[in-house]
Structures are given as C-alpha cells and as structure tokens.
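To keep things clear, I will list the structure first and then write my remarks on it.
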Amino acid sequence: MDVNQLPTTAVLSDYVTVCELDGIKVLRVIHPKATASISLFGAHVLSFQPSGKKDVIWMSEKADFSGNKAIRGGVPVCWPWFGKAAEPSHGFARSSEWTLNEHRENEQGVIISLTLKDSANTRDIWPHAFNAEIIMEVGDTLKISLVSTNTGDTPMLIGGALHTYLNIGDITKTTVSQLGNEFIAAGVRHPSAGNTGFDQEVDRIYTHSDETVMVEDLGFQRRLAVTNQGHNAVVVWNPWKDLSISMGDMADNSYETMVCVESAVHDRSVTLEPGQTHTLSTVISCQ
C-alpha cells in the first residue's frame, strides 16, 4: 500500500497525518526510519515499510475499506477472543471504531496509542466493562502491544491475537522455524519438528514456540523475526489455493505472497480480575 497517495485531511505533527481511504480514517506515518498506515477502524495496521526495505506487512488487493466489515490483511486485532470461541468470529475489536489517544515521536520513530472502551454495543455482545489500548511503535521495527484492562467489578476471561499478515516473495520458498514441539490443527494435537514449509493449506496453533519465531523469506532474500510476549500460542496460517479462491476479499493467487504468524492467547485462557491488566505484544523486524 502506497501511503503517500492517500488524501490528507489533517496534519497532527511533522510525521503523522490523518488520511481517508474509502470509508475509513487512516493515520499515516512518514518518518526517516519507516512509513506505516494505521486504520482507526479496527486499530488495524495496514502497512509497515522500514526505510530502504520492502513492505513487511501484506494487504489484500481486494480488501474492503468501507468500514462495514473486517479488513483482510495487515494486522487485525482479534479481541476479546480468537477464532470461533464466540460470536462474532475473532471478537468485535477488529470491526470497531477506535479513538486516537496520543501520538508522540522522536529520532527513533513514532508511537501511536488507540483506545476502545465498552459501550452499549459491546455489552450486547460481551457483558464486561473494559479498556483496550493498542500501542504501535513504528521505527526500524514495528512493535504492537494490546493492553487489556478490566474496569468492571467481576472477573473476565479473554483471548485474542495480533493476526499479522507478513508480505513474502514466494510461499513455496518460505519456512517458519523455532515453533516448538507441538501444534494443534483442527482441534487435534500433533508433534512438531519446530518448523514448517508450505505446499498446502496450513492452519496451526503452536503451543510451545520460542519467544522469537523466524520466517525465512527466500523469495525476497530476507529473514523476518517475530518476537512475542504475553501469549500462549503462535498461530501459523496460509489458506492455499482453494480457500483463497473461495474468499471474496482475496485474489485467487493471494496465498502465494503471504503468511500469517500471530501472537495469540488461545482458548480465552487469561482471567482478569477487576483492575487487572494484560499485555499481548509482537515485534516484527526485517533482517
């Protein structure tokens, strides 16, 4: 995504402007260290490109930016649950309008904070009082932190994921490693060699991965490091051909240039007592 082409509606600082993309508002970051774009709809990172390097984040050429449905590609925020643990699938955060809390910058990059609080709409779906904050740190690396706080008076169970779509040169020349000795696929546990290549659909929840997972991207002759904290799983996903064809917001060949490597809290396994906070984070670097 070329963030420079989006029409500017407001200037927030030397490095941050507000733009419009179809039906959504986008924060555009243009800094000597990197460029990025972040949608207020879903608190969704749409692009991240370190200076002098290729895009790190993949975005579907058929993504819907109307604000009426979740955006395909980028880094969707799955919260307060991941997958089909409840309705809607992947939670309501990725299809909610977030509020700009603050932005600040220095020579090393830009930090943007967005917040989402409970409302009548969220309580119809999930009966809890909460404050969710997404903190994006854009520089030589991209760090995304999802901070969940229970502002109510009863415990709440949460899950979630930072559903990162990585931009790669060729899925058949890509390997993800340091994934640990076990994964779950279709609800069944399997032993793992700790790495995977791709020659078919892959949808796996790795439960014992290293803190840093490596993506060997031979198509672009680079390595991507994904470092996660506050998680209990790493999800690796590529839809392969048939599923790509079946998705209206993906091109038929989309699977060839993307892979998801996600920092996740599986099975709503975090309990937050009143006043407690949990942070799920991922840091993406290009080597």
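The values are calculated or read from the model by the stated rules, or taken from the named source; none is laboratory data. Since this is a predicted model, take the numbers as computed values, not measurements. Cβ: placed from backbone, ideal geometry, glycine included. Neighbour counts: every protein chain shown.
Please go through segment 103-145 and pick out each residue that is among the β-branched types (Val, Ile, Thr) and in contact with a helix residue (DSSP H, G or I) (Cβ under 8 Å, 6 or more places away or on another chain).
So in segment 103-145, the residues among the β-branched types (Val, Ile, Thr) come out as 110-112, 115, 122, 125, 134-135, 138, 141, 144.
Of everything in segment 103-145, nothing turns out to be among the β-branched types (Val, Ile, Thr) and in contact with a helix residue (DSSP H, G or I) (Cβ under 8 Å, 6 or more places away or on another chain).
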Item to complete: Look at segment 92-104 and say how many of its residues are in a strand (DSSP E or B) and either among the small types (Gly, Ala, Ser) or surrounded by 19 or more Cβ atoms within 10 Å (Cβ to Cβ) (or both).
Response: 0
Discussion item. Condition first: free of Cβ contacts under 8 Å to residues at least 60 places away in the same chain, outside any strand (DSSP E or B) and either of a type in the set (S, T, N, Q) or farther than 14 Å from residue 197 by Cα (or both). Now tell me which residues in segment 232-261 satisfy that.
Written reply: 232, 241, 242, 243, 244, 245, 246, 252, 253
Worksheet entry | So residue 154, is it touching a Pro at 6+ places or on another chain (Cβ under 9 Å), surrounded by fewer than 16 Cβ atoms within 10 Å (Cβ to Cβ) and either farther than 28 Å from residue 250 by Cβ or not hydrophobic (A, V, I, L, M, F, W, C) (or both) | yes
Discussion item. Checking the conditions here, which among 180, 169 is at pLDDT 95 or above, assigned to a loop (DSSP other than H, G, I, E, B), within 27 Å of residue 61 (Cα to Cα) and not polar (S, T, N, Q)?
Written reply: 169
Discussion item. Every residue in segment 63-82 that is touching a strand residue (DSSP E or B) at 6+ places or on another chain (Cβ under 9 Å) and touching a residue at least 60 places away in the same chain (Cβ under 8 Å), please.
Written reply: 63, 72, 73, 74, 75, 76, 77, 78, 79, 80, 81, 82
Worksheet item: What number of residues in segment 104-132 are in contact with an Asp or Glu (Cβ under 8 Å, 6 or more places away or on another chain) and of a type in the set (Ser, Thr, Tyr)?
Response: 2
Worksheet item: Do the conditions hold for residue 55, that is, is it surrounded by fewer than 21 Cβ atoms within 10 Å (Cβ to Cβ), at positive phi and either in contact with a Phe, Trp or Tyr (Cβ under 8 Å, 6 or more places away or on another chain) or not acidic (Asp, Glu) (or both)?
Response: no
Worksheet item: Listed residues 203, 199; which is out of contact with any Leu (no Cβ under 6 Å at 6 or more places or on another chain), under 30 Å from residue 135 (Cβ atoms), free of Cβ contacts under 8 Å to residues at least 40 places away in the same chain and surrounded by fewer than 19 Cβ atoms within 10 Å (Cβ to Cβ)?
Response: 203
Discussion item. Among the listed residues 249, 210, identify the single one that is of a type in the set (D, E, K, R), over 16 Å from the mean Cα position of the chain (by Cα) and over 17 Å from residue 180 (Cβ atoms).
Written reply: 249
Worksheet item: Which of the residues belonging to segment 39-62 are in contact (Cβ under 8 Å) with a residue 60 or more places away in the chain and outside any loop (DSSP other than H, G, I, E, B)?
Response: 45, 48, 50, 57, 59
Discussion item. I want to confirm something. Restricting to segment 244-276 and keeping residues that are among the aliphatic types (A, V, I, L, M) and under 22 Å from residue 81 (Cβ atoms), which single residue is surrounded by the fewest Cβ atoms within 10 Å (Cβ to Cβ)?
Written reply: 247
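This table checks each residue for (1) touching a residue at least 60 places away in the same chain (Cβ under 8 Å); (2) out of contact with any His (no Cβ under 9 Å at 6 or more places or on another chain); (3) among the basic types (Lys, Arg); (4) more than 17 Å from residue 225 (Cα to Cα).
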{"site": "129", "(1), (2), (3), (4)": "no, yes, no, yes"}
{"site": "146", "(1), (2), (3), (4)": "yes, no, no, yes"}
{"site": "164", "(1), (2), (3), (4)": "yes, yes, no, no"}
{"site": "173", "(1), (2), (3), (4)": "no, yes, yes, no"}
{"site": "178", "(1), (2), (3), (4)": "no, yes, no, no"}
{"site": "209", "(1), (2), (3), (4)": "no, no, no, no"}
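For segment 184-196, what are the residues that are under 26 Å from residue 253 (Cβ atoms) and either in contact (Cβ under 8 Å) with a residue 24 or more places away in the chain or touching a Lys or Arg at 6+ places or on another chain (Cβ under 9 Å) (or both)?
The initial filter retains those residues of segment 184-196 that are under 26 Å from residue 253 (Cβ atoms), namely 185-186, 195-196.
Of everything in segment 184-196, those that are under 26 Å from residue 253 (Cβ atoms) and either in contact (Cβ under 8 Å) with a residue 24 or more places away in the chain or touching a Lys or Arg at 6+ places or on another chain (Cβ under 9 Å) (or both) turn out to be 185, 196.
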Item to complete: Taking residue 116 as meeting all but one of (1) crowded, with 17+ Cβ neighbours inside 10 Å; (2) assigned to a helix (DSSP H, G or I); (3) of a type outside the set (Gly, Ala, Ser), write down the number of the exception.
Response: (2)
